Amino acid sequence: MAAGANKIIDPYEICSNKVYQLLTKPSITWILDQAVFGRTDLHMTEITIPVGSVLDQTMTNELTLNMKFNLFLIGVVDKERGDTLYFSLGEQYHKLNVGDILVVLGANRDIRKFKKEIGVTQ
């Protein structure tokens with residue numbers, strides 16, 4: 001109080017909250033860790049699934065973007081449903097089609113690698 005502090009932060013509470021978040025919301029925790037603790041090269045981009053792409057008829061839960069490309073899927077614009085962005089939740093299953101738009105977060109080099117893998121020419 002003499003130093004002007006009016007609140008005490010319990011380190012045990014902070015650690016237990018972090019462990020809980022890692023177990024229940026690993027994707028959100030990953031984004032926050034990357035954004036807050038040093039990843040200044042994070043970018044968000046839209047990627048349209050091209051004709052002939054390996055992603056055509058793939059389910060979103062099969063993408064494994066984080067493990068394979070170090071990317072995070074923010075959401076999908078399903079062109080059959082219109083132009084609304086549907087935010088990605090790990091437990092949702094959605095079939096991707098040509099023309100759908102993926103909104104991803106990651107480093108530019110990882111985004112370029114992913115685009116090349118799925119057949120985007122730009």
Return only the number of the condition from (1) of a type outside the set (S, T, N, Q); (2) modelled with pLDDT under 85; (3) surrounded by fewer than 16 Cβ atoms within 10 Å (Cβ to Cβ) that E117 does not satisfy. (2)
Provide a single number: the residues in the stretch 81-110 that are of a type outside the set (S, T, N, Q), in a loop (DSSP other than H, G, I, E, B) and at pLDDT 85 or above. 4
Checking S53 against (1) buried (at least 17 other Cβ atoms within 10 Å of the Cβ); (2) at pLDDT below 85; (3) polar (S, T, N, Q), which test does it fail? (2)
Evaluation of G75 against (1) part of a strand (DSSP E or B); (2) more than 14 Å from G119 (Cα to Cα); (3) at pLDDT 90 or above (one fails), failing number: (3)
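The values are calculated or read from the model by the stated rules, or taken from the named source; none is laboratory data. For clarity, every value in this text was computed on a predicted model and none was experimentally measured. Note: ideal-geometry Cβ built from the backbone for every residue, glycine included; neighbour counts use all protein chains shown.
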